[in-house]
1. Out of curiosity, is residue 110 within 19 Å of residue 188 (Cα to Cα), modelled with pLDDT of 95 or more and in contact with a helix residue (DSSP H, G or I) (Cβ under 7 Å, 6 or more places away or on another chain)?
2. Restricted to the range 204-238, and to residues that are modelled with pLDDT under 90 and crowded, with 18+ Cβ neighbours inside 10 Å, which residue is nearest to residue 129 (Cα to Cα)?
3. In the range 30-62, which residue that is under 20 Å from residue 178 (Cα atoms) and free of Cβ contacts under 8 Å to residues at least 12 places away in the same chain is surrounded by the most Cβ atoms within 10 Å (Cβ to Cβ)?
4. Looking at the structure I just gave you, is residue 173 more than 23 Å from residue 63 (Cβ to Cβ) and surrounded by fewer than 19 Cβ atoms within 10 Å (Cβ to Cβ)?
5. Only helices (runs of 4 or more DSSP H) wholly contained in the range 51-125 count here; list those with 3 or more residues that are touching a strand residue (DSSP E or B) at 6+ places or on another chain (Cβ under 6 Å).
6. Any residue at all in the range 200-223 that is closer than 27 Å to residue 23 by Cα, without any contact (Cβ under 8 Å) to a residue 60 or more places away in the chain and within 14 Å of the chain's Cα centre (by Cα)?
7. Checking the structure you have, find out if any residue of the range 183-202 is over 26 Å from residue 45 (Cα atoms), surrounded by fewer than 22 Cβ atoms within 10 Å (Cβ to Cβ) and at pLDDT 95 or above.
């Protein structure tokens, strides 16, 4: 999505407070920087240039699986860290974790359909970027009322909403696929729009001070960088 089009969509969202709008603008700027970071990642460059192989795809899935498996864990930990003053936020986060806690099974099925061995992907260790990303997210999720993790969800859900469908199409085109092994990406491309809309709805609620605004944006920036590092490591791990 082009920057102006995204800005227009954002302005149409129900974010009405001054701090909420400022937070949203900061998150947008963080997202566009994240897009630039992804554009410098070798495996993504090959995908965008049509030089992507089925081996590249299997390696990408193998490296993404651990982050997907751990996703429900940090989101659930996040939910448990909200006290009763944030019971409404906790409910939203619990619902989010429920929606995604078994997504890794679709990813595993895609890996096998693309010619991979199930045992190999299930036994693969986290790469360096995934280790850092998971450690950071679990640390933040363990803090009292971790409203800043809205920034983490913004980056990760935004990736699904804005890029997963395009990546799926590019994978199939480059590897002569028929959609049978890009179901994980297609699923997120279709469903993460709803997840992101729910985040819009939470911004006014959780961003009630300048401190909260800065914390949310900072966490989004850290998660963006560590997610890009995770993808950079694809060519060096597994």
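The values are calculated or read from the model by the stated rules, or taken from the named source; none is laboratory data. Treat the numbers as computed from the prediction; the structure is a model and nothing was measured. For neighbour counting, all protein chains shown are included, and Cβ atoms are generated from backbone atoms with ideal geometry for every residue, glycine included.
1. Details: within 19 Å of residue 188 (Cα to Cα): yes; modelled with pLDDT of 95 or more: yes; in contact with a helix residue (DSSP H, G or I) (Cβ under 7 Å, 6 or more places away or on another chain): yes.
Criteria met by residue 110.
2. Taking the candidates together, the pick is 238.
3. 46
4. Working: more than 23 Å from residue 63 (Cβ to Cβ): no; surrounded by fewer than 19 Cβ atoms within 10 Å (Cβ to Cβ): yes.
Answer is no for this residue.
5. Working: elements: 54-80, 87-100, 103-113, 118-123.
Correct list: empty, since no element meets the threshold.
6. no
7. no
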